[in-house]
1. Scan region 255-281 for residues that are in contact with an Asp or Glu (Cβ under 9 Å, 6 or more places away or on another chain) and closer than 19 Å to residue 315 by Cα and jot them down.
2. Across region 300-312, what is the number of residues that are assigned to a loop (DSSP other than H, G, I, E, B) and either modelled with pLDDT of 90 or more or in contact with a strand residue (DSSP E or B) (Cβ under 6 Å, 6 or more places away or on another chain) (or both)?
3. Can you name the residue in region 293-322 that is touching a helix residue (DSSP H, G or I) at 6+ places or on another chain (Cβ under 7 Å) and β-branched (Val, Ile, Thr) and is also nearest to residue 342 (Cα to Cα) among such residues?
4. Look through 135, 108, 142 and report the one residue that is touching a Leu at 6+ places or on another chain (Cβ under 6 Å), of a type outside the set (A, V, I, L, M, F, W, C) and closer than 18 Å to residue 219 by Cβ.
5. Identify all residues within region 350-368 that are more than 23 Å from the chain's Cα centre (by Cα) and either surrounded by 20 or more Cβ atoms within 10 Å (Cβ to Cβ) or not assigned by TED's automatic domain parsing to the domain that holds residue 299 (or both); write none if there are none.
6. Does residue 256 fit the bill of being closer than 30 Å to residue 143 by Cβ and in contact (Cβ under 8 Å) with a residue 12 or more places away in the chain?
7. Kindly indicate which of 70, 63 is touching a residue at least 40 places away in the same chain (Cβ under 8 Å) and either over 17 Å from the mean Cα position of the chain (by Cα) or closer than 29 Å to residue 219 by Cβ (or both).
Amino acid sequence: MRILIAPDKFKGSMSGSEVGEVIGDVLKNHECRIFPVADGGEGTAEIIGNALGGEWVKSQVKDPLGDLVDAGFFLACDDFGGGGTAIIEMNSASGLSLIQDKKLDPWGASTYGTGELIIEARNFGVDRIILGIGGSATNDGGAGMAQALGVRFFNAEGLEISEVPERLMEVDQIFPEIRLDLPEIIVACDVRNPLLGKDGATRVYGQQKGITQQDMQRQESRLLRFADLVESEMGNTFRDEPGAGAAGGLGFGLMSFCEAELRSGFDLVAESIDLEGIMASYDLIITGEGCMDSQSLMGKAPYGVAKMARRLGKPVVAICGSVNGAEALKNDFDIVLSLVDEKTDLQQSMSNPREVLKNKVDSCRQMIEQLIS
């Protein structure tokens, strides 16, 4: 039996490659190929970069709180004489993981470092930037990124404001550089939230970035005012576009200031690595991620893998750290397995994930093999 193992990361415990290695080791009596996937978040740059034959370029930029952090991007040259492609993950510069040991600061956390990476990639003369956005520590609407690109912010008295996003509410005028001279930017995004409202950046994702219930409306008002100003000054209206609310409104900022195109992160990854072409020659597909929820599966990598497998008539198994709404998920997956169950709690699965995953796959091996027996 030929098995394609295509998992996303188990956030906080194992990368997609590590998950695949454990599963493949248990199923070593079969011909297994490990092919990690991603949906725009962590791991996206490495997967696309490796598929395009890219090399890692180191860069030191500002993290969300303004401290220097080692980041970088993949640079893939064009075989046909063009400038090539840069693949960037915003979370390497503006990610929540960078400030886990510091105090969350939703008012001051900035996407400035992401803008610095865009500038560095541009300076290599690339024709295209693929930018994965996800896991951000920010809720600045992309204002910090814009500032790094050369956009200037002024108050009502005409004085320049450099403390963005802290003083975003004081901004009254925006002076963009005369067309920012950027390459094509394609954004890999796994959510379709608008910028504002009950499904927007603040209401849906703000709490994990440190926004309290008392500050929700103030944060919403800050983004609303920024959107009004940007749309007035730039002459565009992107606040309601799907994905505008991604990464604390970075999606909105990228569309507004960079004329970026937002695409499904999974679709972009799948195209780059020719996942469907590879999947066609396998008998069984195994995917998964750290947490699967029937209410939020749309756009996530395992769902994309499952849809592709269904199109090709392949059975598909999901193996996850934890699962909510398993019954509903069975419409998309033949088998859904969770490491967290009646015998294993979340703490156990997080503290020893490789062993717990190995035992789960081993105990369910016969059930998995029966799918194509």
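The values are calculated or read from the model by the stated rules, or taken from the named source; none is laboratory data. Here the structure is a predicted model, which is why all the values come from computation and not from measurement. With ideal geometry, Cβ positions are generated from the backbone for all residues, glycine too; neighbour counts draw on all protein chains shown.
1. 270
2. Keep residues of region 300-312 that are assigned to a loop (DSSP other than H, G, I, E, B), which gives 300, 312.
When the remaining residues are screened for being either modelled with pLDDT of 90 or more or in contact with a strand residue (DSSP E or B) (Cβ under 6 Å, 6 or more places away or on another chain) (or both), the result is 312.
Residues that pass the stated criteria total 1.
3. Taking the candidates together, the pick is 319.
4. Working: 135 fails: closer than 18 Å to residue 219 by Cβ; 108 fails: touching a Leu at 6+ places or on another chain (Cβ under 6 Å).
Answer to the check: 142.
5. Going through region 350-368, the residues more than 23 Å from the chain's Cα centre (by Cα) turn out to be 351-352, 354-368.
Across region 350-368, the qualifying residues are 356, 357, 360, 361, 368.
6. Working: closer than 30 Å to residue 143 by Cβ: yes; in contact (Cβ under 8 Å) with a residue 12 or more places away in the chain: yes.
So residue 256 fits the description; yes.
7. Details: 70 fails: touching a residue at least 40 places away in the same chain (Cβ under 8 Å).
After applying the criteria, what remains is 63.
Yes or no, residue by residue, for (1) surrounded by 15 or more Cβ atoms within 10 Å (Cβ to Cβ); (2) charged (D, E, K, R); (3) at pLDDT 95 or above; (4) assigned by TED's automatic domain parsing to the domain that holds residue 10:
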position: 314; (1), (2), (3), (4): yes, yes, yes, yes
position: 320; (1), (2), (3), (4): yes, no, no, yes
position: 325; (1), (2), (3), (4): no, no, no, yes
position: 328; (1), (2), (3), (4): no, no, no, yes
position: 332; (1), (2), (3), (4): yes, yes, no, yes
position: 342; (1), (2), (3), (4): no, yes, no, yes
position: 348; (1), (2), (3), (4): no, no, no, yes
